[in-house]
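Written below as structure tokens is the structure these notes are about.
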Amino acid sequence: MQSLTNRSKVVVKKEMTFTEKMYLPAILNGMRITFSHMFKKSATIKYPEHVRPRSSVYRGQHVLKRDEAGAERCTACGLCAVACPAEAITMVAAERKKGEENLYREEKYAAVYEINMLRCIFCGLCEEACPKEAIFLTDRIVDTEYERNDFVYGKDKLVEPVEKDKRIDVSVRQNEKTLEFKTHSEYGHNQVWDPNKSLKKKSGH
Ligand code: SF4
Ligand code: SF4
């Protein structure tokens, strides 16, 4: 059969010489290479004691953000799951009940939100798709686990703590245009839920 390219080579079974049959020269050559590497600077580091510097916009473990008042921003719209090329995100939506306004920012929230870290390719498309500034990637590295199921991260691992000093700052990931938009407190998107005053929202935001 005629080949499609001219890259094919005819393989010839060559007889081994006496020296090759002894294997000693090949073994000695291998040991020489191994010894020469012992005195070179190591290419690896002792992680986790040593950590290589990472970019401030490194795409690592996700965080589900809360708003200023501590309410979860995610409204379970599903856009992140649709945008995810690895189909790593799943969620179950629920309706917010009366009295839960301080827990969930919108009328609909994610009762279950899971990311399979083994499927995730850390592309950041979920972050870009989210209209609520609810999901961001961070510079944290996903922990190693022994069981596959432990890589499915639920809200317990994804939602940031309520305590303000433990919140995860993601401002470095937001461009100037977004940061400027956030200074407009007249937009519902930027308003903080107040129990004595319901959120006033402008259409289109
Ligand atoms: S970073 Fe990419 S692959 Fe990972 S969950 Fe988000 S969209 Fe999916
Ligand atoms: S994280 Fe954002 S895009 Fe994903 S469901 Fe929640 S609000 Fe929608």
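Can you find a residue in region 154-169 that is within 25 Å of Pro85 (Cα to Cα) and acidic (Asp, Glu)? Full working, then the answer.
Filtering region 154-169 down to residues within 25 Å of Pro85 (Cα to Cα) leaves 154-160.
Right, trim to acidic (Asp, Glu) and you get 156, 160.
Yes, some residue in region 154-169 is within 25 Å of Pro85 (Cα to Cα) and acidic (Asp, Glu).
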Test: residue in region 111-128 that is at pLDDT 95 or above and touching a Ser or Thr at 6+ places or on another chain (Cβ under 7 Å): yes
Single unsatisfied condition, Lys40 versus (1) under 30 Å from Asp169 (Cα atoms); (2) loosely packed, with under 10 Cβ neighbours inside 10 Å: (1)
Criterion violated by Thr75 - all others in (1) over 22 Å from Ile141 (Cα atoms); (2) within 10 Å of ligand 1 (Cβ to nearest atom) satisfied: (2)
Those residues of region 72-114 which are touching a Leu at 6+ places or on another chain (Cβ under 7 Å) and closer than 26 Å to Ser185 by Cα, in sequence order: Glu72, Cys74
Test: residue in region 124-134 that is within 10 Å of ligand 2 (Cβ to nearest atom), loosely packed, with under 14 Cβ neighbours inside 10 Å and in a loop (DSSP other than H, G, I, E, B): yes
Wholly enclosed strands (runs of 3 or more DSSP E) of region 44-122 bearing at least 1 residues among the acidic types (Asp, Glu): 89-95, 108-116
Positions within region 122-161 being out of contact with any Cys (no Cβ under 9 Å at 6 or more places or on another chain) and near ligand 1 (Cβ under 8 Å from one of its atoms), in sequence order: Phe122, Gly124
Scope region 91-107; condition touching a residue at least 24 places away in the same chain (Cβ under 8 Å) and surrounded by 15 or more Cβ atoms within 10 Å (Cβ to Cβ); matching residues: Glu101, Leu103, Tyr104, Arg105, Glu106
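Can you find, within region 55-71, the residue that is surrounded by the fewest Cβ atoms within 10 Å (Cβ to Cβ) among those that are under 18 Å from Tyr187 (Cα atoms) and among the charged types (D, E, K, R)? Steps first, please.
First, the residues of region 55-71 that are under 18 Å from Tyr187 (Cα atoms): 66-69, 71.
Next, from what is left, pick out any that are among the charged types (D, E, K, R): 66-68.
On the way: Arg66: 22, Asp67: 18, Glu68: 11.
Taking the candidates together, the pick is Glu68.
The values are calculated or read from the model by the stated rules, or taken from the named source; none is laboratory data. Computed from a prediction, not measured in an experiment: that's the story for all the values here. Positions of Cβ are generated from backbone atoms using ideal geometry, with glycine treated the same way; all protein chains shown enter the neighbour counts.
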